[in-house]
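Chemist: Input: one structure, supplied below.
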Amino acid sequence: MSKANDPSLRSWVTVKPESDFPIQNLPFGVFKTATGNARIGVAIGEYILDLQALAKSGLLDTVAFDKNLLSKDTLNQFITLGKHVTNAVRERISELLNENNQELQGKAELKSRVLVKQSEAQMLKPVYVPNYTDFYSSREHATNVGAMFRDPKNALLPNWLHLPVGYHGRASSIVVSGTPIHRPKGQTKADTDEMPSFGPSKSVDFELEIAFITGKPTQLGESISTEEVESHIFGLVLFNDWSARDIQKWEYVPLGPFLAKNFGSSVSPWVVTLEALEPFKVEGPIQEPAVLPYLKYGGKKNYEINLEVEIKTASGKSKIVSHSNFKYMYWNMCQQLAHQTVNGCNIAVGDMYASGTISGPEPDSYGSMLEITWGGKNPVQMPDGTERKFINDGDTVVLKGYAKKDGVRVGFGECSGMIIE
Ligand code: MN
């Protein structure tokens, strides 16, 4: 494990106990300030360490790479350098931010130039996303949806326990946290209606997901084994796969999600590296029946990451409607990417692979309003006296996530989006 993960490390930058960004995390993102260009930074406490400015000072000279890549408006080219570079940069930053290191700490003027308050910066979408896949890998979620949309007795379709079901989603409409999402219009048809009708969706929902971002590409015809997958994953973000349930119900047979999903997906701006999450690995659920050989894996491949979903109403009242955990996933990321590429499908740097809705076993751990309200049958009571079956115009949905162990909290910040007309 990287020495940057050592729980005893402390930074000279103040990091509050509830912060997602201690020295053990150091996630990468792209930001802009009122006066500067888009550039790459690393989160520490309430600050961003500006890597463009840090490189100009010479303090990154110990890691050899083209420093111009730190002045790009996406992480793609930086990530393409490979883990031997990106991990070395994370480890060098860990040294520079260490309370026992004076190289940066001791230079007041430089410090004020390379540390930018997060509250004074605008975060951008961290990567250009060439391709996006959405999996369906939570057994609890697939069982709940299958029970509601089809048959409670046979909720899981016959393939579900044999392969990580997924579909190719829409990359162009992935937006960074904070971007408003327009309520989609489309065709819907209730079971009681004879003909479909057209109009704004009446059941806009969130899906609580985590997506991994690939950093090492493959050529057409190549496959990635479960043992190799981790070398291809740069890091993870929170992912809200906004969904219009009424449109989905009518359109999804036989080819799956289309306009119910492609109107927008929100991602958190900070990419937490796979290396920073290494201490939080846990065993996944037992897979029975046994999977085919190409989906077998060794070691711990799930991650204990606490997740929550909050709905903030236009009147400013808010309620946490779900507490879930990434550890519940039935199919892990190694199996997902091995499956995605087993037929020779090529992957690119910046691709996003979303987990599928992360639902836990209890109703308060379900990852969508569809499940929490059981198709609208049990509305959520909001603190302002209103109730929610789905998401209203003016509501903001906020996803949060963090892992915690040995007193170290490694988090993602937040992934928020407001539904507007
Ligand atoms: Mn989804």
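The values are calculated or read from the model by the stated rules, or taken from the named source; none is laboratory data. These figures come from a predicted structure and were not determined experimentally. In this analysis, Cβ positions are derived from the backbone assuming ideal geometry, glycine residues included, and neighbour counts consider all displayed protein chains.
Chemist: Looking only at the stretch 78-95, decide whether some residue is farther than 24 Å from P22 by Cβ and of a type in the set (F, W, Y).
Modeler: There is no residue in the stretch 78-95 that is farther than 24 Å from P22 by Cβ and of a type in the set (F, W, Y).
Chemist: OK, next. Hey, could you check the stretch 104-156 for residues that are among the hydrophobic types (A, V, I, L, M, F, W, C) and within 16 Å of the ligand (Cβ to nearest atom) and say which is modelled with the lowest pLDDT?
Modeler: Step by step, filter the stretch 104-156, then rank; the result is F149.
Chemist: I'm trying to understand the selection: among the residues of the stretch 202-226, which are within 16 Å of the ligand (Cβ to nearest atom) and closer than 19 Å to F390 by Cβ?
Modeler: Step one: of the stretch 202-226, the residues within 16 Å of the ligand (Cβ to nearest atom) are 203-212.
Those that are within 16 Å of the ligand (Cβ to nearest atom) and closer than 19 Å to F390 by Cβ: S203, V204, D205, F206, E207, L208, E209.
Chemist: Same structure again: Which of the residues spanning the stretch 246-260 are part of a helix (DSSP H, G or I) and among the aromatic types (F, W, Y)? Can you show your working first?
Modeler: Step one: list which residues in the stretch 246-260 are part of a helix (DSSP H, G or I), which gives 246-251.
Within the stretch 246-260, just W250 meets the criteria.
Chemist: Any idea which of M369, M329, M333 is over 24 Å from S225 (Cα atoms) and among the hydrophobic types (A, V, I, L, M, F, W, C)?
Modeler: Working: M329 fails: over 24 Å from S225 (Cα atoms); M333 fails: over 24 Å from S225 (Cα atoms).
Result of the check over M369, M329, M333: M369.
Chemist: Taking the stretch 45-80, which residues are aliphatic (A, V, I, L, M) and touching a residue at least 60 places away in the same chain (Cβ under 8 Å)?
Modeler: Taking the stretch 45-80 as the starting set, the residues that turn out to be aliphatic (A, V, I, L, M) are 48-49, 51, 53-55, 59-60, 63-64, 69-70, 75, 79.
The answer is I48, L49, A53, L54, L75, I79.
Chemist: May I ask you to list the residues in the stretch 140-160 that are surrounded by fewer than 16 Cβ atoms within 10 Å (Cβ to Cβ) and part of a helix (DSSP H, G or I)?
Modeler: F149, P152, K153, N154
Chemist: Find the residue count for the stretch 229-245, including only residues that are in a helix (DSSP H, G or I), among the charged types (D, E, K, R) and buried (at least 23 other Cβ atoms within 10 Å of the Cβ). Quick ask: steps written out before the conclusion?
Modeler: If we filter the stretch 229-245 for residues that are in a helix (DSSP H, G or I), which is where we start, we get 229-232, 245.
Checking which are among the charged types (D, E, K, R) leaves us with 230, 245.
Then keep just the ones that are buried (at least 23 other Cβ atoms within 10 Å of the Cβ); that gives 245.
Residues meeting the conditions: 1.
Chemist: Could you check K111 against (1) in the same structural domain as I48 (by TED's automatic domain parsing); (2) touching a residue at least 12 places away in the same chain (Cβ under 8 Å) and say which number it fails?
Modeler: Failing condition for K111: (2).
Chemist: Same structure again: In the list F198, F258, which residue meets the criterion of being surrounded by 15 or more Cβ atoms within 10 Å (Cβ to Cβ) and among the hydrophobic types (A, V, I, L, M, F, W, C)?
Modeler: On the way: F198 fails: surrounded by 15 or more Cβ atoms within 10 Å (Cβ to Cβ).
One residue alone meets the criteria, F258.
Chemist: Restricting attention to the stretch 358-370, which residues are closer than 13 Å to S138 by Cα and buried (at least 24 other Cβ atoms within 10 Å of the Cβ)?
Modeler: I358, S359, Y366, G367, S368
Chemist: May I ask you to verify whether N392 is surrounded by fewer than 18 Cβ atoms within 10 Å (Cβ to Cβ), assigned to a loop (DSSP other than H, G, I, E, B) and in contact with a strand residue (DSSP E or B) (Cβ under 9 Å, 6 or more places away or on another chain)? Spell out the reasoning first.
Modeler: Working: surrounded by fewer than 18 Cβ atoms within 10 Å (Cβ to Cβ): yes; assigned to a loop (DSSP other than H, G, I, E, B): yes; in contact with a strand residue (DSSP E or B) (Cβ under 9 Å, 6 or more places away or on another chain): yes.
Against the criterion (surrounded by fewer than 18 Cβ atoms within 10 Å (Cβ to Cβ), assigned to a loop (DSSP other than H, G, I, E, B) and in contact with a strand residue (DSSP E or B) (Cβ under 9 Å, 6 or more places away or on another chain)), N392 qualifies.
Chemist: Tally time: how many residues in the stretch 1-54 are within 19 Å of V237 (Cα to Cα), in a loop (DSSP other than H, G, I, E, B) and β-branched (V, I, T)?
Modeler: Number satisfying all stated conditions: 1.
Chemist: Moving to a separate point now. Based on this model, can you work out whether G401 counts as part of a loop (DSSP other than H, G, I, E, B) and in the same structural domain as D241 (by TED's automatic domain parsing)?
Modeler: no
Chemist: Grab the helices (runs of 4 or more DSSP H) fully contained in the stretch 262-379, keeping just those with 3 or more residues being away from the ligand (no atom under 16 Å from the Cβ) and within 17 Å of the chain's Cα centre (by Cα).
Modeler: Qualifying helices (runs of 4 or more DSSP H): 274-277.
Chemist: Now for a separate question. Under the condition of being more than 30 Å from A190 (Cα to Cα) and within 16 Å of the ligand (Cβ to nearest atom), which residue from the stretch 227-243 is farthest from the chain's Cα centre (by Cα)?
Modeler: Initial filter on the stretch 227-243 (more than 30 Å from A190 (Cα to Cα)): 227-238.
Filter once more, so that each one left must be within 16 Å of the ligand (Cβ to nearest atom): 236-238.
Values: L236: 5, V237: 3, L238: 2 Å.
Step by step, filter the stretch 227-243, then rank; the result is L236.
Chemist: Quick one: which strands (runs of 3 or more DSSP E) lie wholly within the stretch 55-139 and hold at least 2 residues that are under 23 Å from T214 (Cβ atoms)? Step through it out loud before you land on a result.
Modeler: On the way: elements: 115-117, 122-124, 132-135.
Answer list for the stretch 55-139: 122-124, 132-135.
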